[in-house]
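Encoded as structure tokens, the structure appears first; notes follow it.
Since every read-out is calculated from the coordinates, none of them should be taken as a lab result. Computed from a prediction, not measured in an experiment: that's the story for all the values here. Backbone-built Cβ (ideal geometry, glycine too); neighbour counts: all protein chains shown.
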Amino acid sequence: MCGIVGYVGTKKALPILLDGLGQLEYRGYDSAGVALVEDGQLEISRAPGRLSALKKLLTEKLTTSTGTNGIGHTRWATHGKPSEANAHPHASEGVCLVHNGIIENHLELRRELEREGVVFTSETDTEVAAHLLAKEIKTTATPLDALKQMASRLRGSYAFLALDERFPDRIFVAKTATPIIIGVGEGEFFIASDIPALLPYTRSVIMLEDGDIAELSPTRCYIERDGVEQKREVVQITWDRTTAEKRGFPHYMIKEIFDQVEVISDALRERVDMSSLEVDLSETHLKEDQVKATRTIHLVGCGTAWHACLVAKYLIESIAGIQCVVDHASEFRYRSLTLHKDDIVLAISQSGETADTLAALLRGGEQCRTVAICNVVGSTISRKADHVLFTRAGPEISVASTKAFTTQLVAAYLLAIALAEMKGTLEQRREAVRALLNLPGAIDSTLKLNDVIERIAERYRTHRHVLFLGRGLCYPIALEGALKLKEISYIHAEGYPAGEIKHGPIALVDDNLPVVVLLPRQNELFDKTLSNLREVGSRGARIIAITDSERHDEIAPYVEEVVTLPFISHHLTPILMSIPLQLFAYHVAQKNGLDVDLPRNLAKSVTVE
Ligand code: M6R
């Protein structure tokens, strides 16, 4: 989710680069950097923190710089903490580059280069690309050939912009699985990872495709793929800047819901080996002996993250066989605790700054080991925890959490598998991991139900109460569905374990109450939930069933709506079930004219008690 920009033309590049980075800061903001070719030499400036820190550093240079060719980067850390050393551009022997994406095989490449005597100065995956490019340039005819060679060594996703000081009026570009767009001007080109950075300068753009390699000079844009020159159409962008930031969606929330295919693919990168079907979470530095000794995992979080804790409990208990206890962080921090030194406190937090979650983690850390599942690299929780697994959801701007939640579930699933591997108790690893590889595709199919959910939202949007029911792994998803609806639609919603409603809440059911029932196909859960569905159905409830089962004949007589999801595995069903509920809350709020991204009374990150 980093932002990258480039300019080659006849104007001074530096102000254009800084302006472009400013337009992209919403993509990531823990450090920034630029590189220019000035009088045939690379000049690189980098600063940790927000873009304003880099701008301050470059105040004088803004007037003195004459370079008309440069690249820039605003970083959202995935590998290595936010720091000047980890900020882009990364350089090696007269070349430098900026990168957006994840290089999955960076560790093996790093070891190879270190054996050849290369000295690394950062913890990033990107630096290997800079050294590889410098190495290839020594044996290839042109920098473009070197870039092709370098790209052929990489696994993962990338958009690279590179400079070579021997070619002061050229930018070299490579792209696979990460967006890059070229803005076409008069005797100049602008390059960016996202459209907003281009809009102040041009509306004529060329979208690069996966596998493209390009060379840009002020008067020429040469693109090739697999050694063959490509002719690409110049298209006109009609979006305004805010629409462009939201990728054409009307709100951040719906954009972030649709981001889930991409961010979940990122969450799996280099952690899941597609051929051996192994999970590698060595980045957490959890040791086998610690895991084998673990007695209880205490999961803590707030709001949506607390729901992720509930799912994680099911996953860890059923896959790794380790007992888990879940607490609201705000309760855990003041409760009398009986923690054992071999326990683990596992905190889940998108922001890594939630005051209650941080306090619970610190309290746990006084007596035992702590682990965090967190989205923001460099956040307080990620720094205070003994071990961290980052969710890689990228910046989440809408107050209502969506992609952060599902990536937390992916992280919990990966962790459960890794713990089971370390304990030596993992059964059916290949099946468990193979299911994960089908997840991005299944999310994509689920998102195609958007129109169906929008129609359902229109049908129920005026109700003042909604009940959400689920059992097992779907119970926390019922809670999350209710929370989403409450926080952005201001409709009273309750999530309940479906088996519990007969102990009280069934008294609420009348012929005007919408009830969303989550029906996973797993036989026992399906049968039990179906019988709970009948209990409310026979009392007149207006039921919306969400299921990955094919047993529609048994559901149909009791429900007004059935939404059918793809099935990949019981453990991953909660991730897919979350998506129609996110879409439902979104469409209800949007149709009711509410401020979807900034709901009343709420803050994105609650850093006070
Ligand atoms: O940043 P965190 O994950 O620690 O935040 C926890 C909650 O404040 C957060 O999940 C909140 O419930 C969301 N607004 C839910 O959409």
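What GluC sites (Glu not before Pro) does segment 522-556 have in DSSP loop regions with at most 10 other beta carbons within 10 Å?
Working: sites: Glu524, Glu535, Glu550, Glu554; in loops: Glu550.
Those satisfying the criteria are Glu550.
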request  = Step through the residues of segment 554-562 one at a time and calculate ³J(HN,Hα) from phi using the Karplus curve (6.51 cos²θ - 1.76 cosθ + 1.60, θ = phi - 60°), rounding each to whole Hz and writing x for Gly and Pro.
outcome  = 7, 8, 3, x, 10, 10, 8, 9, 10
ask   = Assuming R0 = 51 Å, what is the FRET efficiency of Thr10 and Ser318, from their Cβ-Cβ distance, to the nearest 0.05?
value = 0.20
ask   = Relative to the longest principal Cα axis of the chain, at what angle does helix 106-115 sit, 0 to 90 degrees, rounded to 10?
value = 40 degrees
task = Measure nothing but the geometry: give the 0 to 90° angle between the long axis through the Cα atoms of 403-423 and the longest principal axis through the Cα atoms of the chain, rounded to 10°.
result = 80 degrees
query = Using θ = phi - 60° and the Karplus form 6.51 cos²θ - 1.76 cosθ + 1.60, what ³J(HN,Hα) does each residue of segment 472-485 get, whole Hz, x for Gly and Pro?
reply = x, 4, 8, 5, x, 6, 4, 4, 5, x, 5, 4, 4, 5
inquiry  = Which aspartates and glutamates, if any, have their Cα less than 15 Å from the Cα of Lys604, not counting same-chain residues under 8 positions apart?
reply    = Glu256, Glu353, Asp356, Glu396, Glu487, Asp595
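Can you list the GluC sites (Glu not before Pro) in segment 313-366 that are in a DSSP coil and have 15 or fewer other beta carbons within 10 angstrom?
Values: sites: Glu317, Glu331, Glu353, Glu366; in loops: Glu353, Glu366.
Loop-located and lightly packed - Glu366.
Could you line up Val563, Val410 from fewest to most neighbouring Cβ atoms inside 10 Å?
Val563, Val410
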message = Which order do the peptides 268-280, 503-515 come out in when sorted by mean C-beta neighbours inside 10 angstrom, highest first?
response = 268-280, 503-515
task = Enter the angle in degrees (range 0 to 90, nearest 10) between the Cα long axis of helix 355-365 and the first principal axis of the Cα atoms of the chain, meaning the one along which they spread out most.
result = 90 degrees
task = Positive end of the charge dipole of the chain (Lys, Arg +1 and Asp, Glu -1 on Cβ, about the Cα centre): tell me which of Gly94, Leu315, His463 has its Cα farthest that way.
result = His463
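Calculate, in nm to one decimal, what Glu209 and Glu431 gain on full extension: separation in residues at 0.36 nm each, minus their alpha carbon distance. Write out the running numbers ahead of the final one.
Numbers: separation 222, 0.36 × 222 = 79.92 nm, distance 3.26 nm.
So the extension gain works out to 76.7 nm.
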query = Roughly how compact is the chain, stated as its Cα Rg over 2.2 N^0.38 Å to two decimals?
reply = 1.01
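By per-residue mean of other Cβ atoms within 10 Å, what is the highest-first order of 208-221, 54-67, 484-497? Walk me through the numbers on the way to the answer.
Values: 208-221: 18.1, 54-67: 14.0, 484-497: 22.0.
The densest-packed peptide leads the list: 484-497, 208-221, 54-67.
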ask   = Spin-label point model (7 Å from Cα, Cβ direction): what's the Thr607 to Glu454 distance in nm?
value = 3.7 nm
message = Could you derive backbone 3J(HN,Hα) for segment 47-64 from the dihedral phi with the Karplus parameters 6.51, -1.76 and 1.60 (θ = phi - 60°), listing whole Hz in sequence and x where the residue is Gly or Pro?
response = 8, x, x, 6, 4, 4, 5, 5, 4, 4, 4, 9, 3, 5, 4, 4, 8, 8
request  = Using label points projected 7 Å from each Cα along Cα→Cβ, tell me how many nm separate Ser445 and Lys341, to one decimal.
outcome  = 5.1 nm
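Measure up Lys55/Lys148; Lys292/Lys384; Lys81/Lys403; Lys56/Lys148; Lys255/Lys287 against 29 Å on the Cα-Cα distance and list the ones that go over.
Going by Cα-Cα distance, Lys55/Lys148; Lys56/Lys148; Lys255/Lys287 fall outside the 29 Å limit.
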